[in-house]
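Just below is one structure, and these are the notes that go with it.
The values are calculated or read from the model by the stated rules, or taken from the named source; none is laboratory data. Just so we're clear, the structure is a prediction, and the values are computed from it rather than from any experiment. Positions of Cβ are generated from backbone atoms using ideal geometry, with glycine treated the same way; all protein chains shown enter the neighbour counts. Surface accessibility is based on the protein's heavy atoms, side chains included, excluding ligands, DNA and RNA. Shrake-Rupley method; radii C 1.70, N 1.55, O 1.52, S 1.80 Å.
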Amino acid sequence: MRAEKKIRVLLADDHPLIRDGVRIQLEACSDVEIVAEVDDGKEALAKAEELDPDIAFLDIGLPGINGLEITRILREKNPNIKIIILTIHDNREYI
């Protein structure tokens with residue numbers, strides 16, 4: 001029997017508590033593999049380019065390079081990558 005391919009996830013958030021909570025939820029999914037956890041934008045971009053994840057969870061306010069800029073760069077290099085932006089902001093204009 002062949003094992004199914006797992007969804008490869010990069011998790012980038014500079015708040016350890018948020019990152020831990022998201023990781024715990026994702027680890028409950030048997031078809032998800034977290035390939036990297038990082039806490040700044042430059043490292044997120046480097047790991048995404050190195051590991052080619054299927055999905056990147058990006059904090060919008062990452063230090064170094066913010067989540068929106070990382071999204072723009074990653075989508076130029078890999079239009080198939082899925083991006084989920086994480087934010088604590090509730091201002092509609094900001095979102």
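Listed values, structure above:
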| read-out | value |
| --- | --- |
| Point-charge dipole on Cβ atoms (K/R +1, D/E -1) for the chain, about Cα centre, debye to 20 | 380 debye |
| Choice from 28, 44, 12 showing the highest fluctuation, given a GNM over the chain with Cα pairs closer than 10 Å | 28 |
| Under 17 Å from residue 5, Cα to Cα: lysines that are on another chain or at least 8 residues apart | 82 |
| Calculated from backbone phi, Karplus (6.51, -1.76, 1.60) coupling profile of region 80-85 in Hz, x at Gly/Pro | 8, 5, 9, 10, 10, 8 |
| Nitroxide proxy distance, nm - points 7 Å out along Cα→Cβ at residue 8 and residue 81 | 1.1 nm |
| Carbon/sulfur fraction of accessible area - region 1-58, other protein chains in place, 1.4 Å, % | 51 percent |
| Angle between the chain longest axis and helix 41-51 axis [Cα atoms, degrees, rounded to 10] | 20 degrees |
| Surface/4 of the Cα convex hull for the chain, nm² | 6.7 nm² |
| Accessible area of the chain divided out per residue, in Å², using a probe of 1.4 angstrom | 67 Å² |
| Two-site label geometry, residue 17 and residue 32: point separation in nm, points 7 Å out along Cα→Cβ | 2.0 nm |
| Sequence-distant residues sharing a close amide H with residue 86 (under 5 Å, placed H) | 58, 59, 60 |
| The chain: angle of helix 16-27 to the longest principal axis, Cα-based, in degrees nearest 10 | 30 degrees |
